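Below is one structure; the comments refer to it alone.
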Amino acid sequence: MVRERNEGPSDMAAQRRNLMQSHQSWTDDLPLCQMCGVGTAPNCVYSSDGKGTQSHTNEDGHLRFRGEDGCFLYGVFNGYDGSRVASFASQCLTAELLLGQLNSSHTDNDVRRILTQAFDVVEKSYFETIDDALAEKAHLSNYLLPHNENVSFHQLSSQGQKVQERLKELEQEVSGGATAVVALILNNKLYIANVGTNRALLCKSSIDGQNQVLQIGRPHSTDNEDELQRLAALGVDSARVRQAGQIAGQSSTRRLGDYRVKFNYNEIDLLSAAKTSPIIAEPEIHGSQSLDSVTGFLLLMSEGLINALESAHGPEQANQEIVAMVAAELAQQTSLETAAQSVVDRVKRLHHDVYVSGRQRATYCSRHEDMTLLIRTLNYALADGALTPTQGGRIYPVSVPYSNSQSTSKTSVTLSLVMPSQSTLTNGTNTASTLEEGTPTPGSQSPTATLQSTNTQTQSSSSSSGDGSLFRQRGSQAAQPDETGRVPPYVDFSQFYLLWGSDHSDGQSTQGGLGPQ
């Protein structure tokens, strides 16, 4: 639905309010991009017995559209205190970018300007939709002020109680915000616009065959030095902000929506000294980066997914872990949607397993927020469902845990997954960089990034040699079943039995029921 240019601001605001209250979208007619997949999982709080419950509806949002003139737009939005802002931003931002505003003649500076303007329009347009509710809230709050002194809620008149109830309704209507990470591809060049604490990773293979994983930009959080300096320049005590770790319940220093930190920041202790509004919606834009001859994939991740993985395994290798998971799923799945969902499900299981394990990091894993992962492939072929271990392709190790109820130790044996024979990306440096920077990772011919099971306490020193030696060779023809209906195995588990036996010091033989007899 394209806005008419002769509409006035009040008409446009009314139109936006009506759209927010309906199921209609500005972008209903835009085609979805078929070169990406999205996986999601709702928030979860664990009880002491490990059972999880959802504490609120899913507040994340995403977009993935194909525009005209070789233009593609993707985004992941991390909503909080409701999904209203994330939903509005995903619709409005698309309308501001894919309804004729961009074309192939635009320069990099043009694209950056248009992206910045689009975020500004989203912010202003959202507040236009809640102007009336904010005005009513302010009016009712003033009405209650004379009655509040030394008077409890139960002592208020019936009219006062109705006002209180209406104020609660209005607060739910106007509260909440969102962070956003947006990727734009135009003329086969990539631009990333970020507001807040979501993350973008670009995974690609260089000409010499080495693999790169680039984290594009840094999160706008309370430990970002540039953001702390920006806040200090406005009069905010940045040391207090760093120590607090959150501002009005969120770690982000840039957000969409959230009227409390935009209009009432002088009532928030940490921000009360600010000269102007310190929490902004201005995006940090990276790019352009040419995607010509690039093979790999782009990942957009919500803060909830990042935090869940970092809570379970620590932040040091989070980027490498998520990339390894994606590469492994792309090697097995024939659908991008299935691959993305499988990765999210795996992170969810890892997080849960660490909590129930009671190990050191369990205290960080009592809950997780909504999780969203968007995968956009770049000249990257999905798995061939007919591929067998002897038909070529690169071998990637996957850690498969063994658990013995009689022992507290666990053995992990590395089996292998066959990847498509293209150059696949699993390793890289965890760097916060612009698109123009990146550090290649050596040793791409023998990848070492493995998918570690959260049930594994000790990692075996054995690893895959990369030659598929764990797989027994079989002919090009499908194996014929024997008289029992079974086909001969082509995975050799002898190394597994050997390692299991060496990991147990009770002197029992592995022939006592373990392994083939």
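The values are calculated or read from the model by the stated rules, or taken from the named source; none is laboratory data. Here the structure is a predicted model, which means the values were calculated and not measured. Ideal geometry is used to build each Cβ from the backbone, glycine not excepted, and the neighbour counts take in all protein chains shown. Each accessible area value is taken on the protein alone, full model and side chains, heavy atoms only, with ligands, DNA and RNA left out. Shrake-Rupley method; radii C 1.70, N 1.55, O 1.52, S 1.80 Å.
Scanning the range 266-294 for residues that are open to solvent by 70 Å² or more (accessible area, probe 1.4 Å), acidic (Asp, Glu) and either modelled with pLDDT of 95 or more or outside any loop (DSSP other than H, G, I, E, B) (or both) gives Glu267, Asp269, Glu282. With respect to Asp237, determine if the residue is farther than 30 Å from Leu99 by Cα, modelled with pLDDT under 95 and of a type in the set (Asp, Glu). When the stated conditions are applied, Asp237 does not pass them.
Scanning the range 35-57 for residues that are out of contact with any strand residue (DSSP E or B) (no Cβ under 7 Å at 6 or more places or on another chain) and in contact (Cβ under 8 Å) with a residue 40 or more places away in the chain yields Pro42, Gly50. Given the criteria under 30 Å from Arg64 (Cβ atoms), in a loop (DSSP other than H, G, I, E, B) and open to solvent by 10 Å² or more (accessible area, probe 1.4 Å), does Thr197 qualify? Taking the combined requirement at face value, the residue satisfies it.
Residue by residue, here is whether (1) out of contact with any Phe, Trp or Tyr (no Cβ under 8 Å at 6 or more places or on another chain); (2) among the acidic types (Asp, Glu); (3) open to solvent by 50 Å² or more (accessible area, probe 1.4 Å); (4) assigned to a helix (DSSP H, G or I) holds:
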position	(1), (2), (3), (4)
Glu59	no, yes, no, no
Asp69	yes, yes, yes, no
Phe77	yes, no, no, no
Ala89	no, no, no, yes
Val111	no, no, no, yes
Asp120	yes, yes, yes, yes
Phe127	no, no, no, yes
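Filtering the range 362-381 down to residues that are in contact with a helix residue (DSSP H, G or I) (Cβ under 6 Å, 6 or more places away or on another chain) and not in a helix (DSSP H, G or I), which residue is surrounded by the fewest Cβ atoms within 10 Å (Cβ to Cβ)? Across the range 362-381, the extreme among qualifying residues is Cys365.
When Phe263 is tested against (1) free of Cβ contacts under 8 Å to residues at least 24 places away in the same chain; (2) surrounded by fewer than 19 Cβ atoms within 10 Å (Cβ to Cβ), exactly one condition is not met: (1).
A single entry from Leu305, Leu309, Leu298 fulfils the requirement of being at pLDDT 95 or above and either farther than 30 Å from Tyr364 by Cα or assigned to a strand (DSSP E or B) (or both): Leu298. Residues in the range 322-361 that are open to solvent by 30 Å² or more (accessible area, probe 1.4 Å) and part of a helix (DSSP H, G or I): 15 in all.
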